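> Take a look at this one; I'll ask things after.
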Amino acid sequence: MSVSDAALWLEKLNTNWQFRQAGKTDWLQAEVPGCVQTDLLTNGLIDDPFYRDNEKTVQWVDKENWEYKLEFEVSPELFSKKHIELIFDGLDTYATVYFNGSKIIDGNNMFHPWQANVKQLLKEKQNEIHIVFRSPINEILPIMKKHNFNYPAATDAEVGTSPYTRKAPYHYGWDWGPRLVTMGIWQPVKLVGWDNFKIENLNIITKRLDRVRACLEIQLEIFSDIEAPANLKITGDKHSFALKYQIGLHKGLNKITSDVEFAKPQLWWPNGYGKQPLYTIHAEIECEGKIACEDKRIGLRTLELRRQYDDFGQSFVFVVNSVPIFAKGANWIPADSFTHRVSGEKYRYLLDSAVEANMNMLRIWGGGIYESETFYNLCDELGILIWQDFMFACAMYPANKEFLDSVEKEATYQVRRLRNHPSIVLWCGNNEIEGIWQDSEWKEKLPESAWNDYVKVFAEILPAICKKEDPSRPYWSSSPGSDEGPTEFAQNPMQGDTHYWGVWHGKEPFDFYQQHFPRFISEYGFQSFPEMSTIKKFTVEEDHDSLSTVMLNHQKNQKGNALIKEYLENYYLVPENFDDFILLSQVQQAEAIKIGAEHFRRIRPRCMGSLYWQLNDCWPVASWSSIDYYGKWKALHYYAKRFYAPILVAPIEEKLAYQIFVVSDEPRMNRVTFDVKIINFAGDTFYQREKDVSINPLSSAITHSIIKNNLPNNFNSRTMFLHCSLKKEEKIISENYLFFAEPAKLQLSKPEMVINFESDEYGILIKLNSPVFVHTIALQATNLEGHFEDNFFHLLPNHEKKIRFKTDSKIMIEQFAEKFSLNSLNKLLQL
Ligand code: BMA
């Protein structure tokens, strides 16, 4: 299509912006997309809020007003268009926009675009956009004063203004996040010019689908200011279909629907169940010599949230293409306090890491942001299912007309934007509000109207929008929740999803996970510190104490560091050395979550989902994450790769026996060789069985039992352990351990390790061997770019283990050996 044919002309306005403190300072360079805090940082006007306890020194920023301006000219092509719109994809948040001196926008919600018709105001040269961002705190304080009660926000770290503002809740502080209340142009800005008509929307609905045939409904919305005949072309790639016909455009919104059918559609599957083929649907309209087009990428799958009555209550399982999927994954929070800094590479790295850990679902938690297109596109490509919360969390929200209108606009925009992503499988109203309402003093302290306000947003407006704009997906009012709409008991093990925090917040022992039988667990978690290389990035030597001001500022769960210590005292010991303490905190976290995750998988189909809290961090901090802010995998992430393996061998101690379960998420039958041993740390075998077994598809079953009474007389719980493995075609596909006593009670020998290095085209190969059992080996390569393919594993006596350190940079063995170090529980637990 040539330039003059295009009905639409777009010019980006993301460069040459300037900013200043309202009316006060000189104009300085600004970045768009961006925010005041990062602009101040780049201009050297504040210190890095992530460093030490600088967060405290930047709290003044959100109490001030800020101005942004841009002077620009436009091309003759744009200038000549009949209609010209200025579009801000996102303004954070209270923003008044002036265009060549005229006020055009009064923004109050960061979660949907703001746009204005600027045709009459635009000049070819010397245009100016001027925006005043008002402090989101000062904006709300007078409103709060007027009311006889305030809507509570459980995690707002300051005055509690957050529920009144449609802005990412975590900006106001969270129990893993700093309080950095941003302001600014957080999404791209553009001018869009068009003549005669433009495509407003392209939406594809799967009406019927199986392996034989796909029936789709294509919905196209065209806005036109002329009445004329037009040629329409809609095509799908992969030889699926092509439609061509004439329509008559009328003035206003033209809604066109077409049904298409084609044979042998390629089905889209979650990770682990098949491939993720994606179809691109292309719509093109030609009228009076002008052309407008739009593409949409979709995946073909059926979806059902199956809630059937059964022996345990009511199921809660996502069924994709008729296969019930055990959801394995974690909760996703924004990957930065300043989300414009999250690059495509960072999204890719984090989502690839999720796939490497055998995950197939992430929950986009409601205290953050609706994620970027890049994020959802990657999830579509990788087969990661998305549980999508709306952005409301741990607070009660007002429901006056202005607020409800704003929510309605936000939700309509987001549902329309995201509904064609096959990865998204659920719309959920909010995070934990129903649960907190029931369990806290809110119920007593707040007037009844506060609950009625809740009902308006989460039981009326949001479900109505979902039903209208996207009837293909289920709506769930709150997580945890026990029914579609508000319920009396949010947490119900018989139905719905649950959050279980007895382990950690409730100080319960790890094995209490095994006393819980949820239908779907969408949160459970345990904290640890990020690794030393990360800690060193925000500290100086004198901060290296868990009680130092700086370490406490990077721990937002008030009792967090004390809890980590308390659990270490119970299961391990509290090392005096800071580095060891940090490392052991990671081992402890990994072991805790492993106990939970394996239990939830063993009890399938009663439980059909395990999403631990949380995958990632928004800054360097002690938290529940399995990957830290700098992308470093904690011990938990290596563990997740094992406990989320498609086929898992998972032993458990019962009263009279050790039961060894095999859990399979594979939709096909498998033949494997099962092996179990009880051996001591020196390698002597006391019990062994090996057998070939068939594993049913999508199943969990006991494969072997060892009756305690049949154990040898010289059984010793402190020097022996159980090892089990599954082999397929001579390759170990899952292996696991069961210890008969807490780690601190085990009589582990001093490690005597033989370590050899070899280099190959992928990096360095490390070969480990030991005459005695080595419990939880932690490998480290200080200051080297690259990562270990495996880490935080056990080493069986006299069994060589090879691990590769993968790196792109050329490195000599001697250089590597110098930077390489190794730790283990054998060393850490020696008193
Ligand atoms: C959960 C989440 C978050 C919180 C986490 C850890 O319930 O929903 O609100 O960060 O607990 O306390």
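> Those residues that are among the charged types (D, E, K, R) and more than 16 Å from Ile521 (Cα to Cα), I need them from the stretch 485-498; list them, please.
Glu488
> For the stretch 207-256, please list each of the strands (runs of 3 or more DSSP E) lying entirely inside it that holds at least 2 residues being under 16 Å from Arg297 (Cα atoms) and open to solvent by less than 20 Å² (accessible area, probe 1.4 Å).
213-224, 228-236
> Let me ask another. Got a sec? Which of Gly44, Gly90 is closer than 30 Å to Tyr164 by Cα and not aliphatic (A, V, I, L, M)?
Gly90
> Now a separate question. Only one residue in Glu752, Glu785 is modelled with pLDDT under 95, in contact with a Pro (Cβ under 7 Å, 6 or more places away or on another chain) and not polar (S, T, N, Q), so which one is that?
Exactly one residue qualifies, and that residue is Glu752.
> Of the residues Lys82, Lys69, only one is more than 31 Å from the chain's Cα centre (by Cα) and open to solvent by 50 Å² or more (accessible area, probe 1.4 Å); which?
Result: Lys82 is the single residue among Lys82, Lys69 that is more than 31 Å from the chain's Cα centre (by Cα) and open to solvent by 50 Å² or more (accessible area, probe 1.4 Å).
> Any residue in the stretch 521-536 that is in contact with a strand residue (DSSP E or B) (Cβ under 6 Å, 6 or more places away or on another chain), hydrophobic (A, V, I, L, M, F, W, C) and either within 15 Å of the ligand (Cβ to nearest atom) or open to solvent by 10 Å² or more (accessible area, probe 1.4 Å) (or both)?
There is at least one residue in the stretch 521-536 that is in contact with a strand residue (DSSP E or B) (Cβ under 6 Å, 6 or more places away or on another chain), hydrophobic (A, V, I, L, M, F, W, C) and either within 15 Å of the ligand (Cβ to nearest atom) or open to solvent by 10 Å² or more (accessible area, probe 1.4 Å) (or both).
> Still on this model: Among the residues of the stretch 39-57, are any at pLDDT below 95 and either hydroxyl-bearing (Ser, Thr, Tyr) or not in a strand (DSSP E or B) (or both)?
no
> Which one of these does Ser546 not meet: (1) assigned to a loop (DSSP other than H, G, I, E, B); (2) over 22 Å from Gly173 (Cα atoms)?
(2)
> Could you say which residue among Asp310, Asp336, Asp295 is modelled with pLDDT of 95 or more and closer than 21 Å to Glu200 by Cβ?
Asp295
> Another question, then. Looking at the stretch 139-177 only, could you name the residues that are within 13 Å of the ligand (Cβ to nearest atom) and either part of a loop (DSSP other than H, G, I, E, B) or more than 23 Å from Asn452 (Cα to Cα) (or both)?
Ala154, Thr155, Asp156, Ala157, Tyr170, Tyr172, Gly173, Trp174, Asp175, Trp176, Gly177
> With the condition kept exactly as written, say whether any residue in the stretch 501-511 is at pLDDT 95 or above, more than 16 Å from the ligand (Cβ to nearest atom) and open to solvent by 60 Å² or more (accessible area, probe 1.4 Å).
Within the stretch 501-511, one or more residues are at pLDDT 95 or above, more than 16 Å from the ligand (Cβ to nearest atom) and open to solvent by 60 Å² or more (accessible area, probe 1.4 Å).
> Regarding Val319, is this residue touching a Pro at 6+ places or on another chain (Cβ under 6 Å) and not basic (Lys, Arg)?
no
Residues are listed down the side, and each one gets a yes or a no for (1) within 15 Å of the ligand (Cβ to nearest atom); (2) surrounded by fewer than 16 Cβ atoms within 10 Å (Cβ to Cβ); (3) aliphatic (A, V, I, L, M):
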| site | (1), (2), (3) |
| --- | --- |
| Tyr413 | no, no, no |
| Val425 | no, no, yes |
| Glu434 | yes, no, no |
| Trp437 | yes, no, no |
| Ala450 | no, no, yes |
| Phe458 | no, no, no |
| Pro474 | no, no, no |
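For (1) within 12 Å of the chain's Cα centre (by Cα); (2) within 22 Å of Gly525 (Cβ to Cβ); (3) crowded, with 19+ Cβ neighbours inside 10 Å; (4) among the hydroxyl-bearing types (Ser, Thr, Tyr), each residue gets a yes or a no:
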{"position": "Trp365", "(1), (2), (3), (4)": "yes, yes, yes, no"}
{"position": "Gly368", "(1), (2), (3), (4)": "yes, yes, yes, no"}
{"position": "Glu371", "(1), (2), (3), (4)": "yes, yes, yes, no"}
{"position": "Asn377", "(1), (2), (3), (4)": "no, no, no, no"}
{"position": "Asp380", "(1), (2), (3), (4)": "no, no, yes, no"}
{"position": "Phe392", "(1), (2), (3), (4)": "no, yes, yes, no"}
{"position": "Asn400", "(1), (2), (3), (4)": "no, no, no, no"}
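> Name the residues in the stretch 619-644 that are touching a residue at least 60 places away in the same chain (Cβ under 8 Å), of a type in the set (A, V, I, L, M, F, W, C) and open to solvent by less than 10 Å² (accessible area, probe 1.4 Å), would you?
Trp619, Val621, Ala622, Trp624, Ile627, Ala635, Leu636, Ala640
The values are calculated or read from the model by the stated rules, or taken from the named source; none is laboratory data. Nothing here was measured: the structure is a model prediction, and the numbers come from that model. Methodologically, a virtual Cβ is constructed for each residue, glycine included, from the backbone with ideal geometry; neighbour enumeration extends over all protein chains shown. Heads up: the accessible areas ignore ligands, DNA and RNA and are worked out on the full protein's heavy atoms, side chains in. Shrake-Rupley method; radii C 1.70, N 1.55, O 1.52, S 1.80 Å.
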